[in-house]
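Quick notes on the structure that follows.
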Amino acid sequence: MLFSIIIAVYNKEKYIGQTIESILKQKYENYELILIDDGSTDSSYEYANKNKKIRFLHHKNQGVSVTRNRGLQVAKGEYVLFVDADDSLKIEALKTLEEIIIKEKPDVIMFGMTERYENQREKKLSPNFYGRYDQQEFFKDFHLRNQNGVYGYVANKAFRRNIVVDHEIEFCSKYKLSEDFYFFLQVYEQANSFIVIQ
């Protein structure tokens, strides 16, 4: 099972090194790391371009939606994860996701991870246990369930890539806020069920 990990970067030189290292240290090694620099004016570009394990793309500044869409266009994995340029993955994150996906597929297309904070600043995505919700249950109490950010926030999910390809789902560049929320609402409409990894 191949994961495509997509990182959109804009002026994150302070954090991007830590983010990349958390991915390169994963116990599960069948992934591709795609980093797209959105016209950074700091040294984010230089750091990312030094590592041969990273599939690196660069374009002039066009915003996060265009940048993430470009990542989706070149991704090859069966499942896609977006990781923000100032977040990290726990070392077991991909391995745990793989185990849960094998157990639950083929009907689940979306997996959402709650967030663990190592300290006041450092956020790490750490899958530990999960609950399962069907589509009807999800939309019934959407606002309550979204209080912890699992449903609308982009950088804590894995989803089947064919869903966005088959239904031509992409991030909308006209939205300057909550573009990730709108993106995943479209994905949820195609979901039979949804796994929350807490």
Full-stretch length increase - Gln62, Glu29 - with 0.36 nm per residue and alpha-carbon distance subtracted: 8.8 nm
Starting from the Cα-Cα distance between Lys53 and Glu92, subtract it from 0.36 nm times their residue separation and give me the gain in nm to one decimal. 12.1 nm
Length added when fully stretched, Leu177-Met1, from 0.36 nm per residue minus Cα-Cα: 60.1 nm
Relative packing of peptides 74-81, 157-164, 52-59 - highest average C-beta neighbours within 10 Å first: 157-164, 74-81, 52-59
Under-5 Å amide H pairs with Asp87, H placed in peptide plane, nonlocal only: none
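We did not get these values from a lab; they are worked out from the coordinates using the rules stated. Here the structure is a predicted model, which is why all the values come from computation and not from measurement. We place every Cβ from the backbone using ideal geometry, glycine too, and count neighbours over all the protein chains shown.
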